[in-house]
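Written out below as structure tokens is the structure these notes cover.
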Amino acid sequence: TTESDDDDASYVLTVGDYSAGISGQSVGGGGGKSGGSSGLVTIGGDGGDGGDGGDVYVVLDVIVATGGDYSEGVFAQSLGGGGGVGHSSDGLFYQVGGSAGDGGDAGLVEVGHNSGLISTSGIDSDGVEMQSIGGGGGKGASSMDVSSEFSIVVGSSGGDGGNGGVVWAEAVEG
């Protein structure tokens, strides 16, 4: 949670490129990559699931001004972590590749603008940019037969993508 009010400061000003006035962000961790296997009968390891992005709240009661290019007045974002990669296997008689991890879900993103002005003057500098993006699913794995005899080989599936969260902006008149 990021809060600013008139009691603490009357304005936030940035002048450089890529300099958001206020930035609130939560990013879930990526799922881990698994280990592989080889032998007579093999099963590759599964990738880990991505972590969830947390909720992001920004409440404004001040003037926010940015002067640089690519400098949002307010940037609020929640990102789910990407799913981990499954690992391949190779063996003689029976092989199964490891499944990928699922992407993490993104959280709620909320910006409340109670009072004050938001001003930007640079190229591609939005007044308020809000995003809630689920993490991508991980990559599945392959399997390989290393014998010239009969064998069963099964690949694996990729992970599911995470869900995006709710994005909510509210201007409160007071």
Query raised in the report: So for the pair D124, D145, with labels modelled 7 Å out along Cα→Cβ, what separation do we get in nm?
Result: 5.0 nm
Query - Debye, to nearest 20: dipole size of the chain, +1 on Lys, Arg Cβ, -1 on Asp, Glu Cβ - result: 980 debye
Query raised in the report: Rounded to the nearest 20 Debye, what is the dipole magnitude of the stretch 75-161 about its Cα centre when Lys and Arg each give +1 and Asp and Glu each give -1 at the C-beta?
Result: 60 debye
Report task. Would you kindly find the accessible area of L108, with a 1.4 Å probe and non-protein molecules such as ligands, DNA and RNA excluded, rounding to the nearest 10 Å²? Result -> 40 Å²
**Report entry** Cα-projected label distance for D69 with E170, points at 7 Å along beta-carbon direction, nm
**Finding:** 3.8 nm
Query raised in the report: Over the heavy atoms of T14, what accessible area does a 1.4 Å probe trace out, to the nearest 10 Å²?
Result: 30 Å²
Query - Additional length obtainable on full extension of the chain from N163 to V15, 0.36 nm per residue less Cα span - result: 49.8 nm
Query raised in the report: Pick the calculated semi-axes √(5λ) of the Cα gyration tensor in Å for this structure from (i) 59, 11, 10; (ii) 49, 14, 10; (iii) 21, 19, 16?
Result: (ii)
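Just the number, please: carbon plus sulfur as a percent of the accessible area of the chain, 1.4 Å probe, no ligands or DNA/RNA counted.
49 percent
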Report task. Please return the longest stretch of the chain lacking exposed loop sites, where GluC sites (Glu not before Pro) count only if DSSP places them in a loop and at most 16 other Cβ atoms lie within 10 Å. Result -> 1-148
Query - Probe 1.4 Å - accessible area at Y11, Å² to nearest ten - result: 140 Å²
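The values are calculated or read from the model by the stated rules, or taken from the named source; none is laboratory data. Keep in mind it's a predicted model, so treat the numbers as computed, not measured. Ideal geometry is used to build each Cβ from the backbone, glycine not excepted, and the neighbour counts take in all protein chains shown. In case anyone asks, the SASA skips ligands and DNA or RNA and just uses the protein heavy atoms, side chains included. Shrake-Rupley method; radii C 1.70, N 1.55, O 1.52, S 1.80 Å.
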